[in-house]
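Peer 1: First the structure, which I've put down as structure tokens, then a few questions once you've had a look.
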Amino acid sequence: MREEYAQLLPDWYMGDEEHDLVLSDDIDSLASCAVLNMVKGWKVGYFYDFNNIYTKQKDTTKKNRRCWVDIATYKGHAFDNHVSLISDWDTWNTDMINLNLMCQVTNENYTDKYAGSTLLTIWSVYDLPLPETEEGKMLLLCIDSAYKGFYSDRFHDIQKHYLIDVLGLEGLYSVIQRHTAEEFEDLILEYGLRQKITYYDRAIKTELPLDKIGQALGIDLNIMPESEFFLIRRLVQIQADIKEDDEYADDISQGIKTLAIVYRNKVKYSKIKERR
């Protein structure tokens with residue numbers, strides 16, 4: 001990451017404090033957790049499927065600090081890529097490492113957003129070398145469809161700015177220039193990147209081809225714990241119109257768990273429904 005942007009980040013990500021990773025339900029979160037496991041030694045301790053939070057610890061009285069991965073959480077350490085600011089006077093989680101938060105992207109300038117993956121942010125923050133092969137580099141851009149902005153007249157310059165001027169990933173921009181959008185889409189299908197991670201029978205499971213994806217990216221994706229997971233929170237997901245529905249404002253004032261602007265003028269957030 002370019003130095004002028006790295007200086008804007010909270011410094012907890014470079015410290016020695018142990019963290020338990022909170023995994024969500026897709027390859028962006030899983031690959032991001034795998035990089036954090038490789039670089040920091042942090043392990044997955046929780047799973048969040050946007051309706052429930054599960055933990056592998058029966059005894060939660062003694063625990064490490066959580067690090068939410070690819071989740072726009074209201075409080076706590078997190079890596080994320082969603083837009084969570086309603087306007088430029090809004091405040092959000094200052095402990096979250098998120099380019100849209102750092103660059104003050106809000107609902108009011110939503111089309112200026114960073115539309116890349118959480119994985120690319122983490123890759124850049126820890127200054128990791130790019131995958132060795134062309135296909136590996138393409139696959140890195142496939143995750144969360146980070147390649148798409150290049151092919152849009154409206155978003156081309158914005159995507160170039162984030163990849164080169166902020167993240168310092170010129171090598172990936174060169175890769176996009178050599179390929180068509182259809183080639184990236186074919187790779188997404190070939191690697192099954194749209195497969196989800198799910199909770200079933202007290203276990204975290206996925207049909208993602210972890211060995212194949214990990215070999216291409218040069219990281220070990222087999223990091224999901226084999227231990228049982230237990231439900232600790234039930235949540236309710238709510239989507240509201242920012243301009244017309246004031247209910248979300250009341251909810252935010254009373255406290256929420258996660259929030260992301262999912263479309264222009266639409267906000268999706270979660271509230272705790274039940275604690276275990």
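Peer 1: For the chain, what % of the accessible area comes from carbon and sulfur atoms, probe 1.4 Å?
Peer 2: Answer for the chain: carbon and sulfur cover 44 percent of the accessible area.
Peer 1: Let me ask another. Please say if the range 81-226 is rounded, prolate or oblate, where rounded means a/c under 1.5 for a ≥ b ≥ c the square roots of the C-alpha gyration tensor eigenvalues, and otherwise the choice is prolate for a/b larger than b/c and oblate otherwise?
Peer 2: Cα axes put the range 81-226 in the oblate bin.
Peer 1: Treating only the Cα positions of the range 154-224 as identical point scatterers, give the base-10 log of I(q)/I(0) from the Debye formula at each q in 0.16 Å⁻¹.
Peer 2: Log10 I(q)/I(0), no solvent term: -0.79.
Peer 1: A follow-up question, please. Under the √(5λ) rule applied to the eigenvalues of the Cα gyration tensor, what semi-axes describe the equivalent ellipsoid of the chain? Give them in Å, descending.
Peer 2: 27, 24, 18
Peer 1: If a paramagnetic tag sat 7 Å from the Cα of Thr198 along the Cα-Cβ line, which residues of the range 209-233 would have the backbone N under 17 Å from that point?
Peer 2: Those under the cut-off are 209-210, 229.
Peer 1: At 1.4 Å probe size, with every protein chain present, just tell me what the per residue accessible area of the range 22-97 comes to in Å².
Peer 2: 37 Å²
Peer 1: Moving to a separate point now. Could you pull out every residue, at least 5 positions away or on a different chain, whose amide H is within less than 5 Å of the one on Val83? Hs are placed 1.01 Å off N in the peptide plane, and Pro or chain starts have none.
Peer 2: Those lying under 5 Å, H to H, from Val83 are Ile261.
Peer 1: Another question about this same structure. Looking at the square roots a ≥ b ≥ c of the eigenvalues of the Cα gyration tensor of the range 56-144, which shape do they give, rounded for a/c under 1.5, prolate if a/b is larger than b/c, or oblate?
Peer 2: Here the range 56-144 falls in the oblate category.
Peer 1: Within the P(r) computed for the range 61-110, what percentage of the Cα pairs occupies the region above 12 Å?
Peer 2: Of the Cα pairs, 58 percent sit more than 12 Å apart.
Peer 1: So, one more: State which entries of Lys75/Lys273; Lys56/Lys205; Lys75/Lys268; Lys113/Lys212; Lys40/Lys63; Lys113/Lys160 exceed 21 angstrom in Cα-Cα distance in the structure shown.
Peer 2: From the list (Lys75/Lys273; Lys56/Lys205; Lys75/Lys268; Lys113/Lys212; Lys40/Lys63; Lys113/Lys160), the Cα-Cα distance tops 21 Å for Lys113/Lys212.
Peer 1: Please provide three numbers in whole Å: the alpha-carbon extents of the range 3-104 along the principal axes, with the largest listed first.
Peer 2: 41, 30, 28
Peer 1: Go through the range 81-165 and name the GluC sites (Glu not before Pro) that are in a DSSP coil and have 15 or fewer other Cβ atoms within 10 Å of their Cβ.
Peer 2: Answer in residue order: Glu132.
Peer 1: Apply the Karplus curve 6.51 cos²θ - 1.76 cosθ + 1.60, θ = phi - 60°, to the phi angles in the range 148-162 and return the couplings in whole Hz, x for Gly and Pro.
Peer 2: My calculation for the range 148-162 gives 4, x, 4, 8, 10, 4, 6, 10, 4, 5, 5, 5, 4, 4, 5 Hz in order.
Peer 1: Given labels modelled 7 Å from the Cα in the Cβ direction, how far is it in nm from Lys205 to Lys63?
Peer 2: In this crude spin-label approximation the distance works out to 2.5 nm.
The values are calculated or read from the model by the stated rules, or taken from the named source; none is laboratory data. Here the structure is a predicted model, which is why all the values come from computation and not from measurement. Every residue, glycine as well, gets a Cβ built from its backbone with ideal geometry; the counts of neighbours run over all protein chains shown. What goes into the accessible areas is simple: the full protein's heavy atoms, side chains included, and nothing from ligands, DNA or RNA. Shrake-Rupley method; radii C 1.70, N 1.55, O 1.52, S 1.80 Å.
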